[in-house]
Amino acid sequence: MKKKSKRLKMIKWIAFAIFILAASFFLIRAIGRAIYNRTPDGGINESMYIDVNGTKQWIHVYGEDIDNPVLLYLHGGPGSSTSDIDYIFTRKWADVYTVVTWDQRNCGKSYDAQQNDIVLTRELFLTDGKKITKFILDYLSKDKLTILGHSWGSIYGANLALEYPEYYECFIGTGQLVDYIENEEAFRQEALLWAEGDKETLEFINQLTPDRITMEHITARNAIMQKYGYDMMANGSDYNLMTTVIFNPNYSIIDWIDYFKRDMSVYLDFFASKEFASFSLKGRVDYQMPFYNINGDKDYQTNYTLAQEYFEQVNAPYKQMYLMENMTHGLLESDSEGFSKLIHQIAKIEKAR
């Protein structure tokens, strides 16, 4: 009986300790979220869902001065929403821009399983982008906005800028993608140089199919980049990712549950389609707005040398290339401070133009 009583007492103490830890976690999380939910004096801090082509798509608007120019940030992927962490690095630009982040169709907080049967096309993405842009301009009473895209977002944003120049006053591409098939072939050639006869790497290289994207191709490419120190987060992060997730003001517990229930196979199908390939920028070089590029000098996920070659061909009222040293594809997280300084430089140039 005494042993049973001791076990019950121990169980109660363990349960109590777990309760205290859970209560402390949720209290700290609530305080952190409350801090990040504050609206700056004279600024804006709003989240909302927008009706876009028969879907609900989520945007967040944050800025320290409502009179600042507007910047629309396009995440990568396709389908790789960054709303779980991007408020930390995008708010570093919020003193010079009113920043709008957007979870694109059927990903992040815009995910809806009912959309999984929809065929993703270039036309659909372009009309989505146009509708979101027009809504933002109307909502914030602006004539034009700056568009900043990372990775997939860079080629998507460039297509929007080329298709609808009347809405955009400036284009900023980072981790600039130019042509996906050419990009993957360039990676294969780089990997052959890195391998220098290494059998394990050569086996991975044999799994690469630049003209036909499969999960096998993506897995092999990522394994090679990680082995040679070129993977997206090779440089780590200059801010704490764990606390960023915990204090995220835009994610409830239900949002996090939904986040891990997503089926992203629709994006793998798009990734391997001719529709994705049709976003290619080859031969499309005439921009009616300033063109900026910020790339890492160790980025082989979107090959930085191809981005430089494209930049040289670009015709624009003004253009500027920035190359961040020792940076791979994750430059927004790895050096968010350095990236922010470049965004501030661009804002200063644009203000003076």
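Suppose each label sits 7 Å from its Cα in the direction of the beta carbon; what would the Ser24-Ser273 distance come out to in nanometres?
Distance between label points: 5.0 nm.
Amide H neighbours of Gly296 under 5 Å, at least 5 residues apart or on other chains, H built in the peptide plane: list them.
Gly175, Met324
Regarding segment 309-353, what are the three Cα extents along the principal axes, ordered largest first, in Å?
31, 27, 12
What shape does the chain take by its C-alpha gyration tensor, where a ≥ b ≥ c are the square roots of the eigenvalues and a/c under 1.5 counts as rounded, a/b above b/c as prolate, and the rest as oblate?
On the way: a/c = 1.76, a/b = 1.26, b/c = 1.40.
Verdict is oblate for the chain.
Given the whole protein assembly as supplied and a 1.4 Å probe, what does the accessible area of Phe247 come to in Å², nearest 10?
50 Å²
For the pairs Lys56/Lys142; Lys199/Lys298; Lys274/Lys341; Lys144/Lys282, note any where the Cα-Cα span goes beyond 30 Å. Don't skip to the answer; put the middle values down first.
Values: Lys56/Lys142 23 Å; Lys199/Lys298 23 Å; Lys274/Lys341 37 Å; Lys144/Lys282 26 Å.
Flagged as over cut-off: Lys274/Lys341.
Could you tell me which GluC sites (Glu not before Pro) in segment 246-353 are loop residues by DSSP with no more than 16 other beta carbons within 10 angstrom of their beta carbon? It would help to have the intermediate numbers written out before the result.
Numbers: sites: Glu275, Glu309, Glu312, Glu325, Glu333, Glu337, Glu350; in loops: Glu325.
Here the GluC sites (Glu not before Pro) that fit, given the DSSP loop and packing criteria, are Glu325.
So how do Met232, Met215 rank on accessible area, 1.4 Å probe, biggest first, that is with the largest at the start?
On the way: Met232 65, Met215 105 Å².
Ranked list, largest accessible area first: Met215, Met232.
Step through the residues of segment 161-167 one at a time and calculate ³J(HN,Hα) from phi using the Karplus curve (6.51 cos²θ - 1.76 cosθ + 1.60, θ = phi - 60°), rounding each to whole Hz and writing x for Gly and Pro.
Per residue, the Karplus-derived 3J(HN,Hα) values read 5, 6, 7, 10, x, 5, 9 Hz.
How large a share of the accessible area of the chain, in percent, is made up of carbon and sulfur atoms when the probe is 1.4 Å and the other protein chains stay in place? Each step should come with its number before you reach the end.
Working: 9290 of 16980 Å².
Ligands and nucleic acids excluded, carbon and sulfur give 55 percent.
Can you give the accessible area per residue of segment 56-161, in Å², using a 1.4 Å probe? Before the final figure, lay out the partial values.
Numbers: 3160 Å² over 106 residues.
Solvent-accessible surface per residue comes out at 30 Å².
Excluding same-chain residues fewer than 8 positions from Lys351, which aspartates and glutamates have a Cα within less than 14 Å of its Cα?
Asp67, Asp95, Glu169
With a 1.4 Å probe and all protein chains left in place, how much accessible area per residue does segment 197-335 have, in Å²? Intermediate results must be reported in sequence, preceding the final value.
Values: 6830 Å² over 139 residues.
Value for segment 197-335: 49 Å² per residue.
Tell me, what is the percent relative contact order of segment 1-154, built from C-alpha pairs under 8 Å that lie six or more residues apart?
On the way: 201 pairs, mean separation 36.7, N = 154.
Value for segment 1-154: 24 percent.
Provide the per-residue ³J(HN,Hα) series for segment 98-109, in order, calculated from phi with Karplus coefficients 6.51, -1.76, 1.60 and θ = phi - 60°, each as a whole number of Hz, with x at glycine and proline positions.
Calculated HN-Hα couplings, in order: 7, 9, 10, 9, 9, 7, 5, 2, 6, 8, x, 6 Hz.
Where does each of 145-154, 128-137, 71-80 land if you order them by average Cβ count within 10 Å, highest first?
Working: 145-154: 26.1, 128-137: 18.6, 71-80: 23.4.
Ranked by mean Cβ neighbours within 10 Å, highest first: 145-154, 71-80, 128-137.
Please report the net charge: other residues with Cβ closer than 12 Å to the Cβ of Arg221, K and R +1, D and E -1.
Within the 12 Å Cβ shell, the charges total -3.
Enumerate the amide H contacts of Val52 below 5 Å, restricted to partners 5 or more residues apart or on another chain; note that Pro and chain-start residues carry no placed amide H.
Answer set, sorted by chain and number: Gln57.
Give the percent of DSSP beta bridges with both residues in the chain that are antiparallel, rounded to the nearest 5. Can you show the working numbers first?
Numbers: 13 of 39 bridges.
About 35 percent, rounded to the nearest 5.
Summing -39500 (n - 2.57) over the DSSP H runs of n ≥ 4 in the chain and dividing by its residue number, what mean residue ellipticity at 222 nm do you reach, to the nearest 500 deg cm²/dmol? Walk me through the numbers on the way to the answer.
Details: 14 runs with 161 residues, N = 353.
Mean residue ellipticity, 222 nm, calculated: -14000 deg cm²/dmol.
I'd like the distance separating the alpha-carbon centroids of segment 240-295 and segment 151-225, in whole Å.
14 Å
Per-residue HN-Hα couplings for segment 194-201, Karplus 6.51 cos²θ - 1.76 cosθ + 1.60 at θ = phi - 60°, whole Hz, x for Gly and Pro?
Values per residue, Gly and Pro as x: 5, 5, 6, x, 5, 5, 4, 5 Hz.
The values are calculated or read from the model by the stated rules, or taken from the named source; none is laboratory data. Note that the structure is a prediction, hence the values are computed from the model and not measured. When we count neighbours, we look across all protein chains shown, and the Cβ atoms used for this are built from the backbone with ideal geometry, even at glycine. Just so you know, the surface numbers come from the protein's heavy atoms only, side chains and all, with ligands and any DNA or RNA stripped out. Shrake-Rupley method; radii C 1.70, N 1.55, O 1.52, S 1.80 Å.
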